[in-house]
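Notes follow once the structure below has been shown.
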Amino acid sequence: MSDVVLNDPAPQTGRQLTLVRGVWMLVTLVLALMAIFPLLYMLSIAIKAPTEVFKPNLIPAAPTPGNFLYVLTEVPFWRYLLNTFIVSAVVTVVALFFHTMAGYALARLRFPGREAIFLAMFSTLLVSLPVIIVPLFILVRALGMLNSYGGLIVPAIFNAFGIFLLRQYYLSLPRELEEAAVIDGAGYWRIYWWVILPLSRPIIAALAILFFLANWNSFLWPLTVASDPNLWVVQVAIANFKSQYAASWNYTMAASTIVALPMLVLFLVFQRQIMDSIKTSGLK
Amino acid sequence: MTEILTSVAGEKPAAVRLTTRRREAIAGYLFILPDALGLLVFIGLPMVLAFGISFFEVDGFGSFKFVGVANYVRMWGDPLFWTTLKTTLVFAVMLVPLLYVTGLGLALLVQRTNRFNTVMRAMFFAPQMVSLVVISLVWQLMVVDKLGVLTRLAAAVGLGSISFLGNPNIALFTVTIAGVWFLMGYYMLIFLGGLQDIPKEYYEAAKIDGASPIASFWYITLPLLRPTSFFVLLISSVAAIAGAQAFDLVYVMTRGGPANSTTLLVTYIYAQAFQYSAFGYAAAMAALLVVLMMVTTVFFFLATRGGRFDNE
């Protein structure tokens, strides 16, 4: 990490420096507060009574858990949370399994066409979901996977982003670590399982967080593939919730808080890993 | 990389060596099979199908009828298609520069690594943890006519009673601002990565030569940041034109209204497919979107002379 001194306007005296620093920090703080204001606002409305929603005070006069209780009891919200958890967890585990396998092969094993296959996989990164949503829907319908966990899960697994990162990671691993196993006559599967996977723990942890997060927050595909309310994920549920309880913003914000909170807690705990892996992976 | 494996294989009899190479190739294919197959079926095939389906009329039950270029002819004569195309371009032209400026601005603001800035970075990035559905709902609430917190703020500073999402002239701008607010933390992080790669010595040398901070920003930071800038501009353009994030934002905040003023091409494609079951027509517009994205990519590569920056 290198600090860049660019932003220090050449100070004449120590006092001037302190002043410039102070103003700089103050501006940053104000902007940062503006950045998280909508999230605080969401929390604030979520614990307000209906009559207080549009009062200007941010801190409720009489905080109430009523909105949360309503959302969790009057609406099958646990079901939506469970669906989302199942989909996100299964996608994350299966994707990590497949991507580590592919990443290992692309980084280490030699076979004809390897570079071409890697390039082809990499180029799928430029394809965004809205572009292929119509044919993907038709395809998944033809496979009989509409309104099923399979339809929610299977197409979400395949993403070149993870393959790319894992390949880079394996390329940076010293080869000597596998050599001993090769000399012992271990097969490729055993090397992958007993040498490569244990070595991948840090990157697997980082990717697991990113994958889980992405799937917990995804909206467009679940909206398209599962119209059956029993299969709704939380994002689809709250989008519908809003149209159902148009005027009851306190309920909508309570539901939104329930959906957002697990991810914000995850962020508080793994903030460093999450930000570092995005910063270095931003495909620089 | 070849040496190690062949030298290991070399210790074995010649007959085994041949099969070792074949075994390695077979293992390689088997290891990539699940992902290769999945990407092919769920991304590659739909990409090809998008063009294929655009020549058919597909009804809600999945029966296909070949109609030639009828869907493209319909597109040409559909005023709503042209409106949404224009809206998409206006959205991109507003979003991309705003994201560039806010992303770079925030990165410069917090680029020194210290405890205070670590907390600030996390605060700027925090919205990224929340889904766009939630973000859109919160923004919708903040700009509710007359009562919303931002609506009141606007009135308080003398802007009068603004209908942020009800006025067709303002709604797209409101959606853009919400998008910028959500995405800027991500681009801040990308720019921070780029800033870190600039050698510190350049700034020290410039300082000794008496260069002002503005001069060193202009002559050191910006030129050396060109690869990052290229990445940011390309990714944000693709996101604005064809991204799922743009779709989520519009779908929840406005459903494309009022009076179609926020209907992006992706929103219109979705409505044609899943509201009116005009899958063939939707596929034709999606095919155009692919062309639009390719043009954007080529434009950025040409504008940066083939994406090469080392000649600077």
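The values are calculated or read from the model by the stated rules, or taken from the named source; none is laboratory data. Owing to the predicted nature of the structure, the values given are computational and were not obtained by experimental measurement. Reconstructed Cβ throughout: ideal geometry from the backbone, glycine too, with neighbour counts over all protein chains shown.
Restricting the range B:53-62 to residues that are within 8 Å of chain A (Cβ to nearest Cβ) and surrounded by 14 or more Cβ atoms within 10 Å (Cβ to Cβ), which is farthest from residue A:104 (Cα to Cα)? Looking at the filtered set, the residue picked out is B:58.
Among the residues of the range A:137-182, those identified as under 30 Å from residue A:228 (Cα atoms) and free of Cβ contacts under 8 Å to residues at least 24 places away in the same chain are A:138, A:139, A:141, A:142, A:143, A:144, A:150, A:154.
Remark: residue A:252 falls outside the filter, which requires a residue to be without any contact (Cβ under 8 Å) to a residue 12 or more places away in the chain, out of contact with any strand residue (DSSP E or B) (no Cβ under 8 Å at 6 or more places or on another chain) and among the hydroxyl-bearing types (Ser, Thr, Tyr). The residue that is farthest from the other protein chains (Cβ to nearest Cβ), counting only those in the range A:207-238 that are surrounded by 21 or more Cβ atoms within 10 Å (Cβ to Cβ) and among the small types (Gly, Ala, Ser), is A:226.
Scanning the range B:169-183 for residues that are farther than 14 Å from residue B:253 by Cβ and assigned to a loop (DSSP other than H, G, I, E, B) yields one hit, B:169.
Of the helices (runs of 4 or more DSSP H) lying entirely inside the range A:136-184, the ones with 3 or more residues being among the acidic types (Asp, Glu) and within 11 Å of chain B (Cβ to nearest Cβ) are found at A:176-183. One residue alone among B:39, B:45 is surrounded by fewer than 18 Cβ atoms within 10 Å (Cβ to Cβ) and either modelled with pLDDT of 90 or more or in contact with a strand residue (DSSP E or B) (Cβ under 8 Å, 6 or more places away or on another chain) (or both), and that residue is B:45. The requirement of being buried (at least 20 other Cβ atoms within 10 Å of the Cβ), of a type in the set (Ser, Thr, Tyr) and within 13 Å of chain B (Cβ to nearest Cβ) is fulfilled nowhere in the range A:118-126; no residue meets it.
Please tell me if residue B:98 is surrounded by 17 or more Cβ atoms within 10 Å (Cβ to Cβ), touching a residue at least 60 places away in the same chain (Cβ under 8 Å), assigned to a helix (DSSP H, G or I) and out of contact with any Phe, Trp or Tyr (no Cβ under 9 Å at 6 or more places or on another chain). Yes; evaluated as a whole, the condition is true for this residue.
Residues checked against (1) more than 14 Å from the chain's Cα centre (by Cα); (2) under 30 Å from residue A:168 (Cα atoms); (3) in the same structural domain as residue A:85 (by TED's automatic domain parsing); (4) at pLDDT below 90:
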| residue | (1), (2), (3), (4) |
| --- | --- |
| A:244 | yes, no, yes, yes |
| A:247 | yes, no, yes, yes |
| A:256 | yes, no, yes, no |
| A:260 | no, no, yes, no |
| A:264 | no, yes, yes, no |
| A:270 | no, yes, yes, yes |
| A:275 | no, yes, yes, yes |
